[in-house]
Amino acid sequence: MTPEIEVIVPVHTPTRPIRRLAASVLQGSECDVRLRVIAHNTDPAGIRAALHEYANDPRVEVTAFDDGVHSPAGPLAFALADVSAPWFTKIDSDDHLARGALDSWLATAHRHRADVVMPRMVQEPSGVDFPTPPRRMLRTILEPAKDRLAYRTSTMGLLARGLAPLAVPVAGLETGEDIAPSLRLWFESGRIAMADRGFPYIVGEGAGDRVTAAPRPMRAELAFVGPLALESFWGRLSEAEKTSIVAKLIRVQLFGAAGRSGAPWTDEAVEAVREALPTLVRLAPHVPVVLSRVDSDLVGELMSAAPERGVIDRLVAERRRYLGVRPLTTRPYRRTLARDAPLRFLAASFAARHFQPGLPDRG
């Protein structure tokens, strides 16, 4: 019998808390589910042992997948190739779901005729929300640009089976393999509904051995840019949608990642960002007008023929002072209140973390 929801869990070590994950799916759901655990480059017997009593549950399937690659892209693509249930979802092996989450997400999908149900994500044990996407207040049906969905890179949630090809990660990347599929899903999937706030996806504490968690050179961090620029969806997006996506990529993946440590950028980071920037700016030529004056100046300096390291360091330091005039205003000033400009973006991010009550959807 075909289940209603197929739950895909790639796991590369039996030390992950997958028994807890299995309990949240199998004991916490009334709908028909199949839990597909992909043992990635590891002995399936160890994964079955880590599942404890759930290894013998007929709803659980443990499959071996060996590719010798330290990336979650391979096992996820393997599982997505033959999704048979009407709905599917992915859970990282150290995460789990609130009790009743799958039932609630499914009810939301049916009620709103949605193709995607996007849940709230919370950090364990604090219960603090991840402020993504920084959406408009009190919205159940989301729009890609207006609700800044580009900021939600995680593809966690409930998705219709027909979207499986869009969810396939980019092979060959050490990190950033989920950036392209998240953009495909949010900007091309159809109707997206926000899940009831009371049924979140819970991100596990710790997980120091996450495949994508290890520090990497900036060139590896930004290797996604070349393949992303070749995605076919760019030709179908509006200028506003392109600008929304590229503004996020520059803020988070380029400038944010290069300055993650809080120290001045390394020479390697500067060169990696300089190589990636022209590709992104070509995709959305109007993006500088929604960036802060500081970020716009930094883009200009990095793309100049002979950038000055002293100027770069000064601008990098200035952009960390979030409440200054230049970090909060645009060039020209009249774009300061644009949706993707820093002032509204930061306000929406704050609201998403602290003031989004969500809309009940249990009925």
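FYI, it's all coordinate maths here, none of it is from the lab. Only a predicted model underlies this, so the values are computations on that prediction, with no experimental measurement involved. Here the Cβ positions follow ideal geometry from the backbone for every residue, glycine too, while neighbour counts run over all protein chains shown.
How much length would be gained if the chain were fully extended between Ala81 and Arg19, taking 0.36 nm per residue of separation minus their Cα-Cα distance, in nm to one decimal? Write down the numbers at each step before the final one.
Working: separation 62, 0.36 × 62 = 22.32 nm, distance 2.52 nm.
Here the segment from Ala81 to Arg19 would lengthen by 19.8 nm.
Would you mind counting up the charge near Ala64? Only other residues with Cβ under 13 Å from its Cβ, with Lys and Arg at +1 and Asp and Glu at -1.
Working: positive: Arg36, Arg48; negative: Asp43, Glu61, Asp66, Asp67.
Within the 13 Å Cβ shell, the charges total -2.
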Notebook entry, point to check: Hey, got the dipole for the chain? About the Cα centre, +1 on K and R Cβ, -1 on D and E Cβ, debye to the nearest 20?
Noted result: 1640
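With a Förster radius of 30 Å, plug the Cβ-Cβ distance of Arg320 and Glu271 into 1/(1 + (r/R0)^6) and report the FRET value to the nearest 0.05. Provide the component values of the computation, followed by the final result.
On the way: r = 21 Å, r/R0 = 0.70.
Taking R0 as 30 Å, the efficiency between Arg320 and Glu271 is 0.90.
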Next item on the list: Quick one: Debye curve from the alpha-carbon atoms of segment 5-203 only, equal weights, vacuum; give me log10 I(q)/I(0) at q = 0.11 Å⁻¹ to two decimals.
Entry: -0.46
Check: Percentage of Cα-Cα pair distances in the chain greater than 30 Å, rounded to whole percent?
Finding: 39
Margin query: I want to check the label-to-label distance for Tyr333 and Glu4. Put each point 7 Å from Cα in the C-beta direction and report it in nm to one decimal.
Written below: 5.6
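Considering just Cα atoms, how many Å³ per residue does the convex hull of segment 218-354 enclose? Don't jump to the answer; show the numbers that get you there.
Working: hull volume 16.0 nm³, N = 137.
It is 117 Å³ per residue.
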Notebook entry, point to check: Taking Cα centroids, how far is segment 159-180 from segment 60-116 in Å?
Noted result: 12
Notebook entry, point to check: With each pseudo-label sitting 7 Å past Cα toward Cβ, what's the Arg191-Arg99 distance in nm, one decimal?
Noted result: 3.1
Item checked: Packing-based ranking, highest mean first, of 63-76, 165-178 given that Cβ atoms within 10 Å are counted -> 165-178, 63-76
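Kindly rank 148-159, 278-289 from highest to lowest mean number of other beta carbons found within 10 Å of each residue. Let's see the in-between values first.
Values: 148-159: 23.3, 278-289: 17.1.
By packing density, highest mean first, the sequence is 148-159, 278-289.
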Margin query: Can you say what percent of the DSSP beta bridges in segment 5-203, counting only those with both residues inside, are antiparallel? Round to 5.
Written below: 30
Notebook entry, point to check: What ranking, highest mean first, results for peptides 119-126, 223-230, 5-12 when packing means the other Cβ atoms within 10 Å averaged over each residue?
Noted result: 5-12, 223-230, 119-126
